[in-house]
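Following: one structure in structure tokens, then a few remarks.
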Amino acid sequence: MRLLANRKPAKMVGIVTGMNYEAFFAGHLDRLRKEGRYRVFAELERIVGAFPRARLHRNGEPTRDVTVWCSNDYLAMGQHPLVLDAMQAAIGAQGSGAGGTRNISGTNTLHAALERELAALHGKEAALVFTSGYVANETTLQTLGALLPGCELYSDAFNHASMIAGIRHSGAVRKIFRHNDTRHLEELLAAADPDTPKIVAFESVYSMDGDIAPIGEICDLAHRYGALVYLDEVHAVGMYGERGGGVAERDGVLGKVDIVQGTLAKAFGVVGGYVASTSATVDFIRSCGSGFIFTTSLPPAIAAAALASIRHVSGHPELRARHQERAATLKRRLGAAGLPVMPSASHIVPVSVGDAALCKRASDLLLDQHGIYVQPINYPTVPRGTERLRLTPTPMHTDDHMTDLIDALQDVWRTLRLGRRAAAE
């Protein structure tokens, strides 16, 4: 007989055993707090027309306006008038929800138009939209790994949690190659049975370090050994390439990528994820992927907003030029100020702290004393000892915003004595 935790029976024969669930949960949370890894969410009210400013709330009440330096709304499209107008028009015309799964009344004309636009963006025959980038990765890799007979999945060591989850849940043989190490990848591929189905899965831009994969080299290597290429462009779509097709477009290797995965939630400023590939591949995932089949589809208004955003972003390369200039300027100014900016080949600007508790403390001081919001990045998102503040400049961050940020960081570094520590390292 099992009893609920801590419930005292009136009469009981024998020994009662059971886990104290509340004590377990509380104990685990206490350990996270002691390590400085307990996550506290900043409650923000975004202000249309004022990006990157937002209003901070505490205990349900607004307290002050802050400057956000860690948003994934990389191009500020989440507040663009064209996007807002498209969303509002779709709500007025079609209501709030999609009405069902894609298979049961939930496929809208806007979903179909969005998928055609995404396929064209990546130069592919077809695309499939999911409720999030996480679901797109997990569902696609799980489906392919489980149903391709004897499939082996080769995964970069720094791949996102959603890719890792899909690979694990597929039940397929998985092999991890060292981060961006094509020599190690080739060793693994060369040792495999040539007739075994294989998938090499990796990212273009790695969001915590900001480094970029050698996409063309990996594609050539994978195809030499009969493997499909699965490329996550989540942190690159909209921001790289002439039309915003990602790093693969920028590098001229889109045609070598078999399956592209991306998001609608970052550069495009909305929400959702997708994959693009051949018609047969996309139809296979549509027909067999449980994470797609059994999920209510995105609201038509979301699809309308994403469609408007993609069309605008793809036709305005000056957005990408401004974004890259802002990132380069911030890196240069941080370095000139003596702050420990980490090397990055992309728009991601990490500033090293190297300790979880100090990273959390730095974030708190920036918010409470300077009105600057930067979320601390701690384990398990990054390895222990590499804790950092991850800055994401956008086209809307001005030189004055940068001056305020650098002054604040220097003050916090002095307060926490991080300058001497960084110099010693």
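Please specify each residue of the range 54-102 satisfying the condition of being modelled with pLDDT of 95 or more, polar (S, T, N, Q) and out of contact with any Gly (no Cβ under 7 Å at 6 or more places or on another chain).
Matches in the range 54-102: Ser71, Asn72, Gln88, Gln94, Ser96, Thr101.
Residue-by-condition table, conditions (1) open to solvent by 30 Å² or more (accessible area, probe 1.4 Å); (2) within 27 Å of Lys175 (Cβ to Cβ); (3) not in a helix (DSSP H, G or I):
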residue	(1), (2), (3)
Ala119	no, no, no
Lys124	yes, yes, yes
Val135	yes, yes, no
Thr139	no, yes, no
Thr143	no, yes, no
Ser155	no, yes, yes
Ser162	no, yes, no
Ala165	no, yes, no
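For the range 250-284, give me each residue that is over 20 Å from Gln79 (Cα atoms) and buried (at least 24 other Cβ atoms within 10 Å of the Cβ). Spell out the reasoning first.
In the first step, residues of the range 250-284 are kept if they are over 20 Å from Gln79 (Cα atoms); the result is 250-262, 274-284.
Scanning the range 250-284 gives Val257, Val260, Gln261, Gly262, Tyr274, Val275, Ala276, Ser277.
Considering each of Ala337, Ala345 in turn, give the residue that is open to solvent by 50 Å² or more (accessible area, probe 1.4 Å) and either free of Cβ contacts under 8 Å to residues at least 12 places away in the same chain or not charged (D, E, K, R) (or both). Walk me through how you get there before you give the answer.
Values: Ala337 fails: open to solvent by 50 Å² or more (accessible area, probe 1.4 Å).
None of the others qualify; the one that does is Ala345.
Name the pairs whose Cβ atoms lie under 9 Å apart, with the first residue in the range 19-34 and without any contact (Cβ under 8 Å) to a residue 60 or more places away in the chain, the second part of a helix (DSSP H, G or I) and open to solvent by less than 60 Å² (accessible area, probe 1.4 Å), and 6 or more positions between them or separate chains?
These pairs meet every condition: Lys34/Ala357.
Name the residue, out of Asp209, Asp181, that is of a type outside the set (Phe, Trp, Tyr), surrounded by fewer than 23 Cβ atoms within 10 Å (Cβ to Cβ), in contact (Cβ under 8 Å) with a residue 60 or more places away in the chain and farther than 27 Å from Cys288 by Cβ. I'd like the intermediate steps shown before the answer.
Details: Asp181 fails: in contact (Cβ under 8 Å) with a residue 60 or more places away in the chain.
Answer to the check: Asp209.
Pull up the range 1-32, narrow it to residues that are at pLDDT 55 or above and among the polar types (S, T, N, Q), then point me to the one that is farthest from the chain's Cα centre (by Cα).
Looking at residues that are at pLDDT 55 or above and among the polar types (S, T, N, Q), I get Thr17.
Only one of (1) under 22 Å from Tyr206 (Cα atoms); (2) open to solvent by 60 Å² or more (accessible area, probe 1.4 Å); (3) not acidic (Asp, Glu) is not met by Arg414, so which one is it?
Evaluating Arg414 over (1) under 22 Å from Tyr206 (Cα atoms); (2) open to solvent by 60 Å² or more (accessible area, probe 1.4 Å); (3) not acidic (Asp, Glu) leaves (1) as the failure.
The values are calculated or read from the model by the stated rules, or taken from the named source; none is laboratory data. What you are looking at is a predicted structure, and each value in this text was computed from that prediction instead of being measured. Backbone-built Cβ (ideal geometry, glycine too); neighbour counts: all protein chains shown. Keep in mind that these areas ignore ligands, DNA and RNA; they rest on the heavy atoms of the full protein, side chains included. Shrake-Rupley method; radii C 1.70, N 1.55, O 1.52, S 1.80 Å.
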